[in-house]
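The values are calculated or read from the model by the stated rules, or taken from the named source; none is laboratory data. All figures in this text were calculated on a predicted structure; none of them were measured in a lab. Neighbour counts are summed over all protein chains in view; Cβ atoms, including those assigned to glycine, are modelled from backbone coordinates with ideal geometry.
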Amino acid sequence: MLRVSTALTFSALLISSLPAAAADNATTPTFTKDIAPIFQQKCESCHRPDNMAPMSLMTYEEARPWAKSIASRVGARQMPPWHIDKTVGIQKFKNDRSLNDDQIETILAWVAAGSPKGDPKDMPAARVWKDESGWSMANKFGAPDLVVKSPDYTMPPVAQDAWWRPSNATGITEPRWVRAIEIRPVGKNARKITHHALARLQQPEDMDPALFTNDPNVAGDGLFMEWAVGKNGDEMRPDSGRLMLPNSKIVWEMHYHAVGEEITAHTELAVWFYAKGQEPKHREVLALFNTFSGSAPGGRSLDIQPNAVTTTESFVTLKQNARIENFQAHMHMRGKGMSMEAIFPDGKREMLSQVTDFNFNWHNMYIYDDDVAPLLPKGTILHLLAWYDNTKANRSNPDPDQWVGWGDRTVDEMGHAWLNITYYNDEEFKTETAARAAKTVNTTADRQQQ
Ligand code: HEC
């Protein structure tokens, strides 16, 4: 009885699905027509020969063997590396490299259909990648005023990932205002091993520390610039700059990854200054806010029990009116998520950003679009929440049976947000909020379209 009905259902299914299958065939995405344009736009910046990703995705023959892995990484929104939660908070960023829902669906449908090649005639012309060995900002500003070079690092063919933190003096003898910066890996095949390169400006500051940190151990640190593929340079907003002081140094952090051949690389940071005597109105400050509190000097309290999920939070009251330019979560291998919420002086609360599926390989900087960068009056409380998964459910976890505390090593933990902040006095802030309000009609319309 059962067998008959199953057979019946099966043949009924077959018949009823025939026309649908035929229709599907007509719309099945193919590599040449539908996938190649997406890969050119969203993947080739890294997935091309001699670049950082493990394989090239420029041709069908190169991409086909990776189809399953592509479906899994793209479906989980782990590739392209852009891990901000799309359902929470602000969604417009200057450096967004993510795929939209349609593109994800197209890729998944292509893999599900057996990754067909399609008609070779549909294949778009190969995208030409420009030579990245020069400074791209030189077109606009000429040769850089200052170039700081990190020491060389030699990565053996096979080794664990390395996070390397050397430092160099900038050699600056008088305060200078920075208008643009650019950072790049240098050396034969340097891009292959350089996952990320960060340059942090460390200098004595006479600013109120509350404006840039809630950690008594952090003195004048600031993250100057992070290099990310596809984003060559960073030009300050109009009439804004970063201040570089005498006796400053650049503290580097490079994430190097072995690729089967020995490669020697270093990183260079180029700086373009405002003319001497030309002082921009606004100073951009880089802030480090811990996502836990109660840190006594010398000992940062972070207590992550084995086989458990731990949450920590902190509250930072803004002492001046602020415009937050970006969000960057910093945690290590147990780090799972981090959110940043604003509690306004009138009690209104707004979730600004959240990373829900943090991936330690990728220290992504999420730079807000000009029209949506949060404008927060002084007295606003930033509520930072972080969660750590120290169970075996977390695939990056090296050992769920270990207790984990604060520390530099990747097997220890950290928890902080890096934020670029522009502070405003009351009058400037009024002007800034009025300008924003004038754009609100457009912004609301944009949001509705998304
Ligand atoms: C910013 C650079 C970058 C971009 C953009 C990028 N990738 Fe990747 N991708 C990498 C790197 C580096 C790795 C290896 C490290 C890792 O897995 O995080 C990787 C790994 C992968 C893997 C896993 C390979 C394996 O070993 O199984 C897949 C699949 C993948 N990428 C697909 C894509 C696709 C598809 C796109 C575009 C839609 C894309 N990536 C965009 C850098 C990038």
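Restricted to the range 196-210, and to residues there that are of a type in the set (A, V, I, L, M) and surrounded by fewer than 18 Cβ atoms within 10 Å (Cβ to Cβ), the residue that is modelled with the highest pLDDT is Ala210. Would you check which residues across the range 379-394 are within 9 Å of Ser314 (Cα to Cα) and over 20 Å from the mean Cα position of the chain (by Cα) and list them? Within the range 379-394, Leu382, His383 qualify.
In the set (1) buried (at least 21 other Cβ atoms within 10 Å of the Cβ); (2) free of Cβ contacts under 8 Å to residues at least 40 places away in the same chain, Ile193 fails one condition alone, (2). Condition test on Thr391, is it surrounded by fewer than 18 Cβ atoms within 10 Å (Cβ to Cβ), modelled with pLDDT of 95 or more and farther than 21 Å from Leu286 by Cβ? Yes; evaluated as a whole, the condition is true for this residue. Considering the range 280-389, the qualifying strands (runs of 3 or more DSSP E), each wholly inside and each with 3 or more residues that are farther than 26 Å from Ile250 by Cβ, run over 309-317, 335-343, 349-355, 381-389. Of all the listed residues (Trp252, Trp272), the sole one being of a type in the set (Phe, Trp, Tyr), under 24 Å from Asp161 (Cα atoms) and in a strand (DSSP E or B) is Trp252. Residues in the range 122-130: is at least one modelled with pLDDT under 95 and either under 14 Å from Asp34 (Cα atoms) or within 14 Å of the ligand (Cβ to nearest atom) (or both)? Yes, because at least one residue in the range 122-130 is modelled with pLDDT under 95 and either under 14 Å from Asp34 (Cα atoms) or within 14 Å of the ligand (Cβ to nearest atom) (or both).
Just to be sure I understand the filter: pairs with C-beta atoms under 7 Å, separated by 6 or more residues or on different chains, first member in the range 90-118 and in the same structural domain as Asp34 (by TED's automatic domain parsing) and under 17 Å from Cys43 (Cβ atoms), second member away from the ligand (no atom under 13 Å from the Cβ) and among the hydrophobic types (A, V, I, L, M, F, W, C). Which pairs pass? Correct list of pairs: Asn95/Ile367.
The set of residues in the range 341-365 that are farther than 27 Å from Pro398 by Cα, crowded, with 20+ Cβ neighbours inside 10 Å and either basic (Lys, Arg) or in contact with a His (Cβ under 9 Å, 6 or more places away or on another chain) (or both) contains only Ala342.
Taking the condition touching a Pro at 6+ places or on another chain (Cβ under 9 Å) and among the aliphatic types (A, V, I, L, M), does Ala113 pass? In short, yes. Hey, does the range 313-327 have a residue that's surrounded by 19 or more Cβ atoms within 10 Å (Cβ to Cβ), touching a helix residue (DSSP H, G or I) at 6+ places or on another chain (Cβ under 6 Å), of a type outside the set (Ser, Thr, Tyr) and at pLDDT 95 or above? Within the range 313-327, one or more residues are surrounded by 19 or more Cβ atoms within 10 Å (Cβ to Cβ), touching a helix residue (DSSP H, G or I) at 6+ places or on another chain (Cβ under 6 Å), of a type outside the set (Ser, Thr, Tyr) and at pLDDT 95 or above.
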